[in-house]
Amino acid sequence: MPATPTTDPLQRERDHLASSRSALRAMREDVESLDIRDVTGTWVTALVLQNQIEARIAALADLSHTPLFFGRLDYLHAISEELSEGSGGESFYIGRRHVHDADGDPMVIDWRAPVSQPFYRASRTEPMDVERRRRFGYTGGELTAYEDEHLSDPAEHDTSSALLAAEIEKPRVGPMRDIVATIQPEQDEIVRADISGTLCVQGAPGTGKTAVGLHRVAYLLYAHRERLARTGTLVIGPNNAFLSYIEQVLPALGELDVAQATVQQLVGHVEVRGEDSPEAARLKGDARMAEVLRRAVRSGIALPTEPCVVIRGSRRWRVPVHELIEIIEELKGRDIRYGAAAEALPQRIAHTVLLKMEQGGEAPDDRVQDAVARNAAVKAVVKACWPAVDPARLVLRLLSDPEFLAACADGVLSAEEQAAVRWPKPGRSVKTARWTAADAVLVDEATDLVRRTASLGHVVLDEAQDLSPMQYRAVGRRCTTGSATVLGDLAQGTTPWATASWPEALHHLGKPAAHIEELTKGFRVPEEVIAYASRLLPSIAPGLNPASSVREAPGSLTIRQVAEEERTEAVVEACRRALEREGSTGLIAADARVPLLAGALAEAGLAHLAPGAETSAEARLTLVPASLAKGLEYDYVVLDEPAAVVAGEPDERTGLRRLYVALTRAVSGLEVLHAEPLPAQLDGSRPDDAG
């Protein structure tokens, strides 16, 4: 698409936007007008085709406030096959999806296409044959500005992009937005990494690791659509509030078929109604429990003491005890699921009978073997020697019966650890037992030991640092034959069982060969704020490099000490000041103080939302318990009483990590209010405001 000179470049770009919207509308109308009555053979194929058409129509939706394109590349030379080398350069508009005109010529190129890659990676030192990169600025869906970088012009100096900065700093109202217009080179390398390997991203706050993971899913669906349509993709987040926050990113990029879940939803075999002590939860999440469960599942296997006699017509066929033992021992030694072995055992016994039939002069076929496998005598041997296992009932017994647990945990867990793992009050039945979140993971492990869990093509695991080894195993089961993108920050691990290192976590995930990338350049959190929060790193994650930020925002951090009796009122007033500015406001507080603050906000007439509820122009204040702050972001954050956030956790390190999370949720400004002394780890020069 050769560039056409014009005396009014901005109007030319607006005209192209209008034409592109018309072309997208025509593409949608073409799909809507399809008549499939004459091309479908059965009602099944008709239903499948109709579902595909409806999905295509949804993917072609034109979102009025979402620009169709955000950039343009002017190449020095032609790269299209139909154009000759001497025909000059070409221009391509880069956007969220592909749009073509009535002749099939592209008007907007999908950001994931190879021709779009230089938009993210080209530089003056490596222009990638790009003469000019143009970025567009929008206001409410209307194209209002553009700026150019002439990458191949040695006379032009490097300057920071004002439009890029404005897009990054745009007020956050509503769910999480895509970052497709602002992807940086180091992020793009992760997004476009090959699907064949698992990738682990250690990302400091504000580095965009969550957005990078979601855009990686979108890219993989573009590059490997047929494969992933068959095997499926899944995004796993820490809680429902987080999933609600990110759920619109992929649909905005035209991807509608990606499942989302929490780990707890993945392992929802039993209803969770109880809660473990921190020590019990830590032990139940320990990888050693996998061996305890393996022993429990196989504990019912018994060797026969009598032969198996199969009667067929007038003849009796006898399988002696030593042959039955040999079959069972061979199945025990194989690395197959308990349920698969249970299905194989009658067939193995039947095969032995068939061999005896052949030796006796008969000529049995496969139908005879199946009939023998269903014989009552064979079934009796299988029931006695390889009894059926119900995973939930098995775990119920394990956690309720001290003798059974001791037998299965012998040499694995100490007597003290066994006592900590057992339920204080034995459960009576699967339905009435007070299962905990850690118990549900054990049931999932037992379920997989009996019957293999189905594997997906690709899994994105966000906030991975908080998972226990047994939770990693649960996620790993969902991608045994596929790949994974693991996202997290070791400094933000806020569970007693939080992982100590990524190699250890990847081992439990079943992906020890995964490549580990580190993102340390922040784009969301202002430098003043991230530098203050990084004072905690030596105490919470001494091996990590502190993050830096590309965003200098003087005055973005305020720490205010107030009198105890004035603290709640000061917090309310801080929220009121924040709401005078454009964008969203998050009030983060220790969980125990949330009810008090909710009452104070209501009394002051400040309506507020719960985490996960979508902010809007009318409702921009969210009251966030510190335990749910991870992964969320707000333009302005008011942090109530850091010492209370730390004290709300079972140990100081976990409390300081929770505080680190709370300190790094702000995009434009953070105000910290405290009556109690700040944690000693935050001591040092800081912008105090005692007024």
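Details
- The alpha-carbon of LYS521 sits under 24 angstrom from the alpha-carbons of these lysines, leaving out residues fewer than 8 places away in its chain: LYS170, LYS209, LYS630.
- Between the C-alpha center of segment 473-539 and that of segment 619-643 there is a gap of 21 Å.
- Heavy-atom surface analysis with a 1.4 Å probe gives the chain a carbon and sulfur content of 51 percent of its accessible area.
- Relative contact order (%) - the chain, alpha-carbon pairs under 8 angstrom, separation at least six: 14
- Whole-number Å³ per residue for the convex hull built on Cα positions in segment 520-648: 122
- Excluding exposed DSSP-loop trypsin sites (Lys or Arg not before Pro) (at most 12 other C-beta within 10 Å), longest clean stretch of the chain: 432-691
- Ranking VAL108, TRP386, LEU628 by how far each Cα lies toward the positive end of the dipole of the chain (charges on Cβ) leaves TRP386 at the top.
- Averaged per residue, the chain has 45 square angstrom of accessible surface, using a 1.4 angstrom probe with ligands and nucleic acids left out.
- The alpha carbon centroids of segment 356-373 and segment 111-166 are separated by 75 Å.
- Of the two radii for segment 415-563, the radius of gyration is 1.09 times the Kirkwood radius, both from the alpha carbons; that is the Rg over Rh value.
- Positive-pole candidate from GLN369, ALA491, PHE92, dipole of the chain, charges at beta carbon: GLN369
- Taking the empirical scaling 2.2 N^0.38 Å for compact globular proteins as reference, segment 295-364 has a Cα radius of gyration ratio of 1.23.
- Calculated [222 nm] ellipticity per residue, helices only, for the chain: -11500 deg cm²/dmol; basis is -39500 (n - 2.57) per DSSP H run with n ≥ 4, divided by all residues, nearest 500.
- In percent, rounded to a whole number, the relative contact order of segment 511-617 is 21, using alpha-carbon pairs under 8 Å and six or more apart.
- Listed options for Cα extents along the principal axes in Å are (1) 97, 65, 56; (2) 76, 64, 55; (3) 101, 74, 45. The value calculated from this structure is the one marked (3).
- Simple Cβ-charge dipole of the chain, Lys/Arg +1 and Asp/Glu -1, about Cα centre, in debye nearest 20: 3280
- Fraction in percent of alpha-carbon pairs per bin - 5 Å, segment 180-313: 2, 7, 12, 15, 14, 11, 10, 9, 7, 4, 3, 3, 2, 1, 1, 0
- D by Stokes-Einstein for segment 500-565, Kirkwood Rh over Cα pairs, 4 °C, 1.567 mPa s: 88 µm²/s.
- Percent of alpha-carbon pairs separated by more than 16 Å within segment 92-213: 69
The values are calculated or read from the model by the stated rules, or taken from the named source; none is laboratory data. Just so it is clear, the structure is predicted and the values come from calculations on it, not from any experiment. A quick note on method: Cβ atoms are made from the backbone with ideal geometry, for glycine too, and the neighbour counts reach across all protein chains shown. To get the accessible areas, we keep the full protein, side chains included, count just its heavy atoms, and leave off ligands, DNA and RNA. Shrake-Rupley method; radii C 1.70, N 1.55, O 1.52, S 1.80 Å.
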